[in-house]
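The values are calculated or read from the model by the stated rules, or taken from the named source; none is laboratory data. No experiment lies behind these values; they were computed from the predicted model shown. Here the Cβ positions follow ideal geometry from the backbone for every residue, glycine too, while neighbour counts run over all protein chains shown.
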Amino acid sequence: MRFAIYFTPAHDAPLSSAARSWIGRDAFHGKPVDVAPSATLSAVQIEDLSSFPRHYGFHGTLKAPFYLKEDNPDRLRNAVRDFSDGITPFKTAPLQLTPLMNGHRHLTLMPEDRSEALQKLADDCVRFFEPFRAPLTEDDIQRRKPNQLTERQRGYLQMWGYPYVFEDFRFHLTLSRALEDEEVKAAHDAAQNHFKAQLGQPLLVDGSALFRQDDRQSDFVVDTYCAFEGATINTPKMLEM
């Protein structure tokens, strides 16, 4: 199994509902969902565009997928609950559609401006859960195409298992697979219509989720969801294994 710590809206949030009918899957229940066609793209075309996020579930990465160093998922689940204690919900800048370039062009939902609270949440999450992560294999490293990364990103990949952390972290909610240039406008127009109620509105960050992948061919599902209900954003200490 692999695990990841993601932000995903609560199951009953309007953004979750809109995302499910865009990517065609409910990661909370592990079930397919009918994709809604747009005025310009059919449901089949949107299913093709959203194949990548369908596999991972609608999410923003906080701690990228990892294998457990020790076979103790319950300890990880408890740690997710401990990490979430004391964090109060917060809002980001309004959401916008953005093509994110990390070697490939993916359509994403992203806050218009960086959020210090969101950056801190991600930084703390990377450090806090690091003791659970098994070292990357050479195959894992090569999948990240290290020759296309900066020197700092290669260092982060070796140290933290993911190249886009800390200074290189850009929070985003992925909506598409890698797009060809000629696909970008059609995907953007369809997503703009589909998410019109959410665009221009702040993102409420009110929980985190432990996602689980039972094997490399399986889709990710929500294993444990923890709502934020605390008074302050603490800086949790890195756990000792």
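Please verify whether D219 is touching a strand residue (DSSP E or B) at 6+ places or on another chain (Cβ under 8 Å), of a type outside the set (G, A, S) and farther than 28 Å from P94 by Cβ, treating the condition exactly as stated. Let's see the steps before the verdict.
Details: touching a strand residue (DSSP E or B) at 6+ places or on another chain (Cβ under 8 Å): yes; of a type outside the set (G, A, S): yes; farther than 28 Å from P94 by Cβ: yes.
The answer is yes for D219.
For segment 55-74, how many residues are of a type outside the set (F, W, Y) and either in contact with a His (Cβ under 9 Å, 6 or more places away or on another chain) or buried (at least 22 other Cβ atoms within 10 Å of the Cβ) (or both)?
Our first condition is that a residue be of a type outside the set (F, W, Y); within segment 55-74, this holds for 55, 57, 59-65, 68-74.
Filter again for either in contact with a His (Cβ under 9 Å, 6 or more places away or on another chain) or buried (at least 22 other Cβ atoms within 10 Å of the Cβ) (or both), leaving 57, 59-63.
So the count comes out to 6.
So for segment 102-124 (the condition being within 17 Å of I5 (Cβ to Cβ) and either touching a helix residue (DSSP H, G or I) at 6+ places or on another chain (Cβ under 7 Å) or acidic (D, E) (or both)), does at least one residue qualify?
Yes - at least one qualifying residue is present in segment 102-124.
Sort through D219, D189 and tell me the only one that's surrounded by 13 or more Cβ atoms within 10 Å (Cβ to Cβ), in a loop (DSSP other than H, G, I, E, B) and in contact (Cβ under 8 Å) with a residue 60 or more places away in the chain. Show your work before the answer.
Details: D189 fails: in a loop (DSSP other than H, G, I, E, B).
D219 is the lone residue from the list that is surrounded by 13 or more Cβ atoms within 10 Å (Cβ to Cβ), in a loop (DSSP other than H, G, I, E, B) and in contact (Cβ under 8 Å) with a residue 60 or more places away in the chain.
Filter segment 29-48 down to the residues that are polar (S, T, N, Q) and not in a helix (DSSP H, G or I), then identify the one that is surrounded by the most Cβ atoms within 10 Å (Cβ to Cβ). Let's see the steps before the verdict.
Just the residues of segment 29-48 that are polar (S, T, N, Q), to begin with: 38, 40, 42, 45.
Subsequent filtering for residues that are not in a helix (DSSP H, G or I) retains 38, 40, 42.
Values: S38: 19, T40: 13, S42: 12.
Ranking the qualifying residues of segment 29-48, first place goes to S38.
Which one is farthest from L109 (Cα to Cα) among residues in segment 49-74 that are touching a residue at least 40 places away in the same chain (Cβ under 8 Å) and assigned to a helix (DSSP H, G or I)?
P73
It is to be established whether one or more residues within segment 79-97 are of a type in the set (A, V, I, L, M) and either in contact with a Lys or Arg (Cβ under 7 Å, 6 or more places away or on another chain) or within 20 Å of D215 (Cβ to Cβ) (or both). Explain how you work it out, then say what you get.
Taking segment 79-97 first, the residues of a type in the set (A, V, I, L, M) are 79-80, 87, 93, 95, 97.
Narrowing further to those that are either in contact with a Lys or Arg (Cβ under 7 Å, 6 or more places away or on another chain) or within 20 Å of D215 (Cβ to Cβ) (or both): none.
Checked against the condition, which is being of a type in the set (A, V, I, L, M) and either in contact with a Lys or Arg (Cβ under 7 Å, 6 or more places away or on another chain) or within 20 Å of D215 (Cβ to Cβ) (or both), segment 79-97 yields no hits at all.
Just name the residue that is surrounded by the fewest Cβ atoms within 10 Å (Cβ to Cβ) out of those in segment 105-162 that are more than 20 Å from the chain's Cα centre (by Cα) and polar (S, T, N, Q).
N147
Output the residues belonging to segment 45-72 that are within 20 Å of the chain's Cα centre (by Cα) and over 24 Å from L173 (Cα atoms). Lay out the reasoning, then the answer.
Initial filter on segment 45-72 (within 20 Å of the chain's Cα centre (by Cα)): 46-68.
The answer is L68, and nothing else.
Just a yes or no: is a residue in segment 15-28 modelled with pLDDT under 95, polar (S, T, N, Q), under 22 Å from Q198 (Cβ atoms) and surrounded by 15 or more Cβ atoms within 10 Å (Cβ to Cβ)? Explain how you work it out, then say what you get.
Of segment 15-28, the ones modelled with pLDDT under 95 are none.
Within segment 15-28, none of the residues are modelled with pLDDT under 95, polar (S, T, N, Q), under 22 Å from Q198 (Cβ atoms) and surrounded by 15 or more Cβ atoms within 10 Å (Cβ to Cβ).
From the set of residues in segment 192-216 that are in contact with an Asp or Glu (Cβ under 7 Å, 6 or more places away or on another chain) and closer than 23 Å to K91 by Cα, which is surrounded by the most Cβ atoms within 10 Å (Cβ to Cβ)?
Quick first cut of segment 192-216, residues in contact with an Asp or Glu (Cβ under 7 Å, 6 or more places away or on another chain) only: 210-212.
Next cut, closer than 23 Å to K91 by Cα only: 210-211.
Working: L210: 22, F211: 24.
The selected residue is F211.
Table: residues versus (1) at pLDDT below 95; (2) out of contact with any Phe, Trp or Tyr (no Cβ under 8 Å at 6 or more places or on another chain); (3) under 23 Å from A117 (Cα atoms); (4) not small (G, A, S).
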| residue | (1), (2), (3), (4) |
| --- | --- |
| E182 | yes, yes, no, yes |
| A187 | yes, yes, no, no |
| A191 | no, no, no, no |
| F195 | no, no, no, yes |
| Q201 | no, yes, yes, yes |
| V205 | no, no, yes, yes |
| A209 | no, no, yes, no |
| D215 | yes, yes, no, yes |
| V222 | no, no, no, yes |
